[in-house]
1. Would a scan of the stretch 100-108 turn up a residue that is in the same structural domain as ALA163 (by TED's automatic domain parsing) and under 22 Å from the mean Cα position of the chain (by Cα)?
2. For the stretch 397-410, how many residues meet the condition of being at pLDDT below 95 and in contact with a Leu (Cβ under 7 Å, 6 or more places away or on another chain)?
3. Taking the conditions exactly as written (free of Cβ contacts under 8 Å to residues at least 40 places away in the same chain, surrounded by 18 or more Cβ atoms within 10 Å (Cβ to Cβ), within 24 Å of ASP384 (Cα to Cα) and in contact with a strand residue (DSSP E or B) (Cβ under 6 Å, 6 or more places away or on another chain)), does VAL72 satisfy them or not?
4. Name the pairs whose Cβ atoms lie under 6 Å apart, with the first residue in the stretch 404-415 and under 14 Å from ASP433 (Cβ atoms), the second among the hydrophobic types (A, V, I, L, M, F, W, C) and not in a strand (DSSP E or B), and 6 or more positions between them or separate chains?
5. Quick one: which of SER459, SER483 is of a type in the set (S, T, N, Q) and in contact (Cβ under 8 Å) with a residue 24 or more places away in the chain?
6. Here is a check on your reading of the model: is PHE140 aromatic (Phe, Trp, Tyr) and buried (at least 24 other Cβ atoms within 10 Å of the Cβ)?
7. So, ALA145, is that one surrounded by 23 or more Cβ atoms within 10 Å (Cβ to Cβ) and touching a His at 6+ places or on another chain (Cβ under 7 Å) or not?
Amino acid sequence: MSANDTLIIFDTTLRDGEQSPGASMTQEEKLRIAKALERMQVDVIEAGFAIASQGDFESVKAVADTIKESRVCSLARAVDADIDRAGEALKNANAGRIHTFIATSPIHMEYKLRMTPEQVLEQAVKAVKRARSRCDDVEFSCEDAGRSELDFLCRVIEAAIDAGARTINIPDTVGYAMPHQYGETIRQLMERIPNADKAVFSVHCHNDLGLAVANSLAAVTNGARQVECTINGLGERAGNAALEEIVMAVKTRADFFHIDTNINTREIVPASRLVSSITGFPVQPNKAIVGANAFAHESGIHQDGVIKFRETYEIMKAEDVGWNANRMVLGKHSGRNAFRSRLEELGIDLKSEQALNDAFQRFKDLADKKHEIFDEDIQALVSDTQKAAENEQFALVSLAVCSQTGEIPNASIVLTIGGEEQRSSSEGAGPVDATFKAIERIVNSGTSLELYNVSAITSGTDSQGEVTVRLEKGGRIVNGHGSDIDIVAASAKAYLNALNLLSADSQKAHPQTAGV
Ligand code: KIV
Ligand code: ZN
C-alpha cells in the first residue's frame, strides 16, 4: 500500500439510509443533506433510486442539478428501464455515476431472481453496457456478494469490467461476513481477476452483526479503495457502515492504514445532527465520534488525565470532528438579512419570499422565548415551515394541557382537518398521552404507535424539544417529527406530521425486489 493512496468515500445516506423504515425524506430535505455532504467533501453522493417513484426521480435530478463538487450517483437494477431513468435524472450532473446491480448469491439467484447464473452474468454485462451508453462513470455491484461463490464472482466481475464498469462493489448485503474472511475475499478477487487493475474495488457492508465498519476496514487493508457508508450508520435494518467511523479510523490510525480521505472532518458532527433531525433517528449518546458522550469523561481519573495531557485518554480531538461547530448564530435582534444569509450558509434554499417570511416569523417567535438561536434550531424551524407549506391534511391550531401532581392530566386540542376546525379533549396517563388520545378522538386513525422519542435540540432547559412519533398502519411505517420549546406541543406536531405522511401517496418501488 503506498503512502499517498486515497480512499473514496461514497455516501449512501440518501439511498440506502432512506431505506430505513420511516426514514423517508422530502426533496428539500435531501438537498439540504446533499449540500452538507458536499461541504464535507464526500467523493460520491448516492442520491437515490431514480425509478422508485416520480418523487425519487425528481430528488435525484435536483441533487444532480445542484451539487457541483461531489459526484452524484443513482442506483438502478440491471434492467433497461431503471438504467435509462437513472441516466435521465443525472443528465445535468457535473459528474454523474450510474450504479447498477444484480444479485449473485445462489439463494438470491434461485429464489428472488429465478435466474440461472449464466442468465445473471449475461444480464450484468448487458446492464453495464447500457449504463455506459448513458454515463461515462458506471459502478457495478454483485448484490449479496458476501454469500456468493468466489469463482462465480470472479467471472461476473471480469465480464462487468470488460463491459465498461470502472468501480466494482462487493456488498455484504445481509451483514453476514466476518472481517478476516471478507478482507480475504477482497484480496482474492483482486488477485484472481485478470482485469482487476482497471477498476476500483468498493465495499458496502450492512451492520446486522455489528460488523459493518470492521468488515469495511478489513477490506481496505486488503485493497478496497472505495467504502460505501452513511451518516450515523443509517440504513436498512441494522444500518450500513457509519461514515464518521470509517473516516476517523483511517485518519486516526494513519500509521496502520497509510491512506487518506478527502473528507473535511469538521463537518462530521453538523452533518450527523442534520441527518438525525431530518430523519428523527436519534444518535445514541455512546455512539462513536458523534454521540453526545463520545468526548465526555465521566470518571475522575480520566478527567484528571485529560486535563494534564489530553492524549492520555483521547485519541481524537473533539474540534476535529466539528464538536465546536455549534455556534450561536442569531438572536432576538437579528434582522431578516442576517437570517437569510445564515440560511444560505447552511445550504437552505427557501424557494419563495413567502416561505422566507414564514420561516423568519417562526424565528422571531422562537427568539422571543429563547435567547440564543443555534444552527440546529434553524434547521428544525425550517423543517416545520416546510411541513406547514405542504398543505397538510392535519394541522395543529392550539393545545391546552393541564398537568398537576395528584390530578389526572387533561388535554384540549383544536385541529384543522382539510382546513376544517375540529376540537376535542381527553384525559391520559400523562400530558403527552392525553394529547395523543385527544387527537385520536377526532381522527380515529387505526394506527399503532411504534415509537415515541423526545430529545433536546441544543443544551439548556430552554432548548427546543424534538419529537419523533413512529406510526404503523397496514404494514406502512412513517416517522413524524415536530419541534417546539413546549415538548407537549412538539409531540402533538410530530403525531400530526406522522398522520400527514400516512395520508400522502407513497407508491415507491424498493430497489431490492427483482426487476427482471
Ligand atoms: O446492500 C446492498 O446490496 C445494496 C446494493 C443495492 C448495493 O444496497
Ligand atoms: Zn445496502
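The values are calculated or read from the model by the stated rules, or taken from the named source; none is laboratory data. Note that this is a predicted model, so its numbers are computed, not measured. Every residue, glycine among them, receives a Cβ derived from its backbone with ideal geometry; neighbour counts consider all protein chains shown.
1. The answer is yes, given that some residue of the stretch 100-108 is in the same structural domain as ALA163 (by TED's automatic domain parsing) and under 22 Å from the mean Cα position of the chain (by Cα).
2. Matching residues across the stretch 397-410 total 0.
3. So VAL72 fails the test.
4. PRO409/ALA434; ASN410/ALA434; ALA411/ALA434; ALA411/ALA438; ILE413/ALA438
5. Just one listed residue meets the conditions, SER483.
6. Judged against the criteria, PHE140 is a match.
7. Considered against the rule, which asks whether it is surrounded by 23 or more Cβ atoms within 10 Å (Cβ to Cβ) and touching a His at 6+ places or on another chain (Cβ under 7 Å), ALA145 comes out as no.
Yes/no per residue for (1) surrounded by fewer than 18 Cβ atoms within 10 Å (Cβ to Cβ); (2) basic (Lys, Arg); (3) within 26 Å of ARG225 (Cα to Cα); (4) within 15 Å of ligand 2 (Cβ to nearest atom):
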position: ALA23; (1), (2), (3), (4): no, no, no, yes
position: ILE33; (1), (2), (3), (4): no, no, yes, no
position: ALA36; (1), (2), (3), (4): no, no, yes, no
position: SER53; (1), (2), (3), (4): yes, no, no, no
position: ASP65; (1), (2), (3), (4): yes, no, no, no
